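The values are calculated or read from the model by the stated rules, or taken from the named source; none is laboratory data. Fair warning: this is a prediction, and the values are worked out from it, not measured in the lab. When we count neighbours, we look across all protein chains shown, and the Cβ atoms used for this are built from the backbone with ideal geometry, even at glycine. When the accessible area is computed, the model is the full protein with side chains, heavy atoms only, and any ligands, DNA or RNA have been set aside. Shrake-Rupley method; radii C 1.70, N 1.55, O 1.52, S 1.80 Å.
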Amino acid sequence: MAVGTATKHPGSKHNVQAARQAYYDKISKFHMAPLWEVLKGLVTPEPKTRCVPALWKFSDVKRLMLEAGDVISAEEAERRVLVLENPGLPGESRVTNALFAGVQLIMPGEIADVHQHVASAIRFVLEGEGAYTAVEGEKSQMKHGDFIITANWAPHDHGNPGKEPVMWLDVLDMPTINHFETSFAVHPEERMQKTNHEDGDSYARYASGVLPDGAPAQLNRSPVINYPYARMRPILARLKQTGDVDKRHGARVRYANPINGGPVLPTMGAHLALLPKGFKGEPYRSTDGTVFAVAEGMGTTLIDGKPFDWGVNDVFVVPPWKRYQHNASEEAVLFSISDRPAQEALGIWREGN
Ligand SMILES: [Fe+2]
């Protein structure tokens, strides 16, 4: 055959290439391709990512977001959200390969209609008060630093009967759901769901050291809708006070599913960390791409050797397996969320320094 014959003759490199190409062309008609040509790019010795480190200053986000309030109503937009696009993934509506991130604005008097979808969502409230999010019948007030979950297929709508614009960070597992091509969504007729659980109901029922009698023994998502900042912040202060400060992450808690201690959602997990004033974090990296939002304070995070200065409500992203170090010039609180639970469930998550 041509390949074997060609290799026997010295100086016939061109013939080898031509013969191989002819062979590749032939097999491509049968929808086959040579693995040996692409193997090195598929099985890399270390994670390879197209995602790059990036930071969004809240002053820019807020100014541009409020302009969106002039050009489109929440009703017309369905959700008035500016996508935080990773600069390495333009046009792909994602902040990491696995996650979507955006900032949502709801103006006074507006409603964002009820819908439900397979993609799970979280909200981390940035600025403004008076808005609510209704999830699975619980009407939850939104305050700065609150962490609100909307699990797979949970009906949800948002509204702002207050007097000021309200903005929050949305993170969804949409790219993961769409990777598996498993997206479904429905838009019920009514604009708002009927809520029969008052603010804080699921937190009181499930996050108080007791469980309602008959609570399921297994649940792969948390039944708690809102983990209020007012409840989380004092826990961080306790950790700091007793010196329980991780050298890489600071005084950190993991938002947990009270049924099994696992992550709040099977695809996404979140942490809240206090960095004491003057904190100089040791280097850390892990295979989950991580989105950070600044709840309090100021500092700098070195990502892959590049400094990113942050202040309150700024959002930044650390790509998978890129080394980072947090430094806090004043006491700071960082919220973070990533696809770590999905990776752990698949047995592929790794961390290092
Ligand atoms: Fe939604």
- What area, in nm² and to one decimal, does the C-alpha convex hull of the stretch 87-231 cast on average over all directions? 10.0
- Determine the share of the chain's accessible area contributed by carbon and sulfur atoms, expressed in whole percent, with a 1.4 angstrom probe. 54
- Query: So what's the Cα pair-distance distribution over the stretch 204-353, bin width 5 Å, in %?
  - Reply: 2, 9, 17, 21, 19, 16, 10, 4, 2, 0, 0
- Val114: net charge of surrounding residues, Cβ under 9 Å, Lys/Arg +1, Asp/Glu -1, itself excluded? -2
- Query: Sorted by mean Cβ packing within 10 Å, highest first, what order do the peptides 199-205, 223-229 take?
  - Reply: 223-229, 199-205
- Task: Kindly sort Lys247, Lys139, Lys277 by accessible area of their heavy atoms, largest first, with the probe set to 1.4 Å.
- Result: Lys277, Lys247, Lys139
- Just name one of Thr301, Gly109, Tyr24: the one whose Cα is farthest towards the positive end of the charge dipole of the chain (beta-carbon charges, Lys/Arg +1, Asp/Glu -1). Tyr24
- Once the Cα atoms of helix 58-71 and of the chain are each reduced to a long axis, what angle between those two axes, in degrees from 0 to 90 to the nearest 10, is obtained? 80
- Label points 7 Å out from Cα along the Cβ direction at Ile348 and Ile72: separation in nm? 3.2
- Total formal charge among the other residues, if their Cβ is under 15 angstrom from that of Pro34, Lys/Arg +1 and Asp/Glu -1: +2
- Reduced to Cα centres, the span from the stretch 234-252 to the stretch 297-353 in Å works out to 17
- Query: Of Lys57/Lys247; Lys139/Lys194; Lys143/Lys247; Lys48/Lys306; Lys57/Lys139, which sit over 21 Å apart, Cα to Cα?
  - Reply: Lys57/Lys247; Lys143/Lys247; Lys57/Lys139
- Provide, as a two-decimal number, the C-alpha radius of gyration of the chain over 2.2 N^0.38 Å, N being how many residues it has. 1.17
- If you add up the charges near Gly262, with Lys and Arg at +1 and Asp and Glu at -1, over every other residue whose beta carbon is less than 12 angstrom from its beta carbon, what do you get? +2
- Query: Over the chain, what is the mean sequence separation of C-alpha contacts under 8 Å (at least six apart), divided by residue count, expressed as relative contact order in percent?
  - Reply: 15
- Hz values of 3J(HN,Hα) by residue in the stretch 145-154 - Karplus curve (6.51, -1.76, 1.60), Gly and Pro given as x: x, 5, 10, 10, 10, 10, 6, 2, 6, 6
- Message: Compute the helix-to-body angle for 229-241: its Cα long axis versus the longest principal axis of the chain, expressed 0 to 90° and rounded to tens.
- Response: 80
